[in-house]
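This report refers to the structure that appears directly beneath it.
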Amino acid sequence: MKKLYLKYRELFDYLIVGVMTTVISLIVYYACTWTFADPNNPFLLQVANVLSWIVGVTFAYVMSRRYVFRSKNENVIKEVIQFFVARLATLLMDMGIMFLLVTVLKQNANIAKLVSQVVVIVMNYILSKLFVFKKQD
């Protein structure tokens, strides 16, 4: 097992951080929809989505930099901006998926959020690996 983990450490660590990020993001999202953000109101649905995104992205950056990609990049400001821009792209994707599934197709908002998160996790890894935490030559 250890040999397998070491071979795919980055991917395993990303999955662990991704699950933790998703749980934190979902807690914030559900807390919003259970308190003030009616998911049947398209504006409030997106407010809950954006708030959960802000908390999730902040957590994800810290954990990804330190534990997943083990970045040594001294230009932290540039790295943070790249990370947030990449995550902004997946936020827009998340918002589009939620709009389509909940507002247009009238699907359950909680199930739609879970579906959206699977797509977002995969895209976040690809963007982080290729554009944010790419290894320096």
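Worth a mention:
- Proximal charge balance of residue 49 [Cβ under 9 Å; K/R count +1, D/E count -1]: 0
- On Cα atoms only, tilt of 109-127 relative to the major axis of the chain in degrees: 20 degrees
- Of the peptides 14-22, 92-100, the ranking by mean beta-carbon count within 10 Å, highest at the top, reads 14-22, 92-100.
- Take the Cα of residue 95, go 7 Å toward its beta carbon, and the backbone nitrogen atoms of segment 18-61 under 12 Å from that spot belong to 43-51, 53-54.
- Spin-label model distance (nm) - residue 40 vs residue 111, 7 Å beyond Cα toward Cβ: 1.8 nm
- The fraction of accessible area contributed by carbon and sulfur in the chain is 73 percent, rounded to a whole number (1.4 Å probe; ligands and nucleic acids excluded).
- Under 11 Å, Cβ to Cβ, from residue 73 - net charge with Lys/Arg +1 and Asp/Glu -1: +4
- Crossing angle, helix 76-98 versus the chain [Cα axis fit, 0-90 degrees, rounded to tens]: 30 degrees
- For the chain, modelled as a GNM whose springs connect Cα atoms under 10 angstrom apart, the maximal fluctuation among 124, 108, 75 occurs at 75.
- Note on the chain: Rg/Rh from Cα positions, Kirkwood definition for Rh, rounded to two decimals, is 1.02.
- Listed residue pairs exceeding 22 Å between alpha carbons, taken from 72/134; 3/134; 78/135; 7/135; 72/113: 3/134; 72/113
- Within segment 46-112, trypsin sites (Lys or Arg not before Pro) in DSSP loop having at most 16 other beta-carbon neighbours inside 10 Å: 70, 72, 106
- Candidate aspartates and glutamates - alpha carbon under 18 Å from residue 129, same-chain residues fewer than 8 apart omitted: 10, 13, 74, 79, 137
The values are calculated or read from the model by the stated rules, or taken from the named source; none is laboratory data. Values in this document were obtained by computation on a predicted structure and should not be read as measured data. Cβ: placed from backbone, ideal geometry, glycine included. Neighbour counts: every protein chain shown. Ligands, DNA and RNA are stripped out before the accessible areas are found, and what is left, the full protein with its side chains, is counted by its heavy atoms. Shrake-Rupley method; radii C 1.70, N 1.55, O 1.52, S 1.80 Å.
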